[in-house]
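Right, one structure below, let's go through it.
Read-outs: derived from the displayed coordinates by stated rules, not from any lab. A quick note: this is a predicted structure, and the numbers were derived from the prediction, not measured. Because the Cβ atoms are built from the backbone with ideal geometry, glycine has one as well, and the counts that use them run over all protein chains shown.
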Amino acid sequence: MIKKLQALKAKKGFTLVELIVVIAIIGVLAAILVPTMMGYVTSSQVTSLNSTSASIKNNIDTFLTDADTDGYGMYKGTANTFEMSIEITSGEWVITNTISKDAAKTGGPLKWTGSGKGKAGGKKTDAKTAEDLLAITLADLFPTINTGYVWAYCQGGKCMYVAYCADGSTKPTGCPALKDFQAGKFSWNDSTAGITSGGATVGTAPELALGGAAASTT
């Protein structure tokens, strides 16, 4: 019994000074590592959104090619443009399409009217407009996107540029515009490509590098 008491007395815990030193070291390491880890997370998110943007761009391209085969595609030439805003809410893709005059052919079964909507699993045969069919097609191809915003610019039968934000179903503040894609760079939040001045994370296709004038507000 006496030996056990002596053994317990011989054991020493941390002193207050030692605890303070350990806490200080942990604080320094956290100050160094946390920003680095946050940077990796942000970079990963932007990379993922860039990949999704590229996929959306390619699939709009494919849709326009198929539409052209069926007689309602876009006419060639730089003057023929579509500018689409796509709001995704509860899995429903709602397309608002600004079409330049006489940009679309009218010989097919569907017409480009400027608006349309659709959900994954929707009947393509029920589509009343070309935008309806595009919305259903994209919803089917991206069933995991439940909420988001897509801006797409098409010209002469090709999808040229896409921006995609998963932070909400409306256009984020400071989203890049056509002139930024044409320049190939954007100011973003002045420090990180893919993060807008309003704090939204946006993927682009082609990817927009950090640089340029003050952030667009359109």
Can you give the FRET efficiency for T78 and K128, using 1/(1 + (r/R0)^6), R0 = 25 Å, r = Cβ-Cβ distance, to the nearest 0.05?
0.25
Tell me, what HN-Hα J-couplings in whole Hz come from the Karplus equation 6.51 cos²θ - 1.76 cosθ + 1.60 at θ = phi - 60° for each residue of the stretch 77-89, using x for Gly and Pro?
x, 5, 6, 9, 9, 10, 10, 9, 10, 10, 9, 10, 9
For K105, net neighbour charge (Lys/Arg +1, Asp/Glu -1) across residues whose Cβ lies under 14 Å away
-1
Hand me the trypsin sites (Lys or Arg not before Pro) from the stretch 59-112 located in a DSSP loop with no more than 16 other Cβ atoms within 10 Å, in residue order please.
K76, K101, K111
Using θ = phi - 60° and the Karplus relation 6.51 cos²θ - 1.76 cosθ + 1.60, list the HN-Hα couplings for the stretch 133-146 in order, rounded to whole Hz, with x at every Gly or Pro.
5, 5, 4, 5, 4, 5, 4, 5, 6, 10, x, 7, 7, 9
In the structure displayed, which of K119/K179; K57/K124; K105/K128; K124/K185; K57/K171; K123/K179 lie more than 28 Å apart, Cα to Cα?
K119/K179; K124/K185; K123/K179
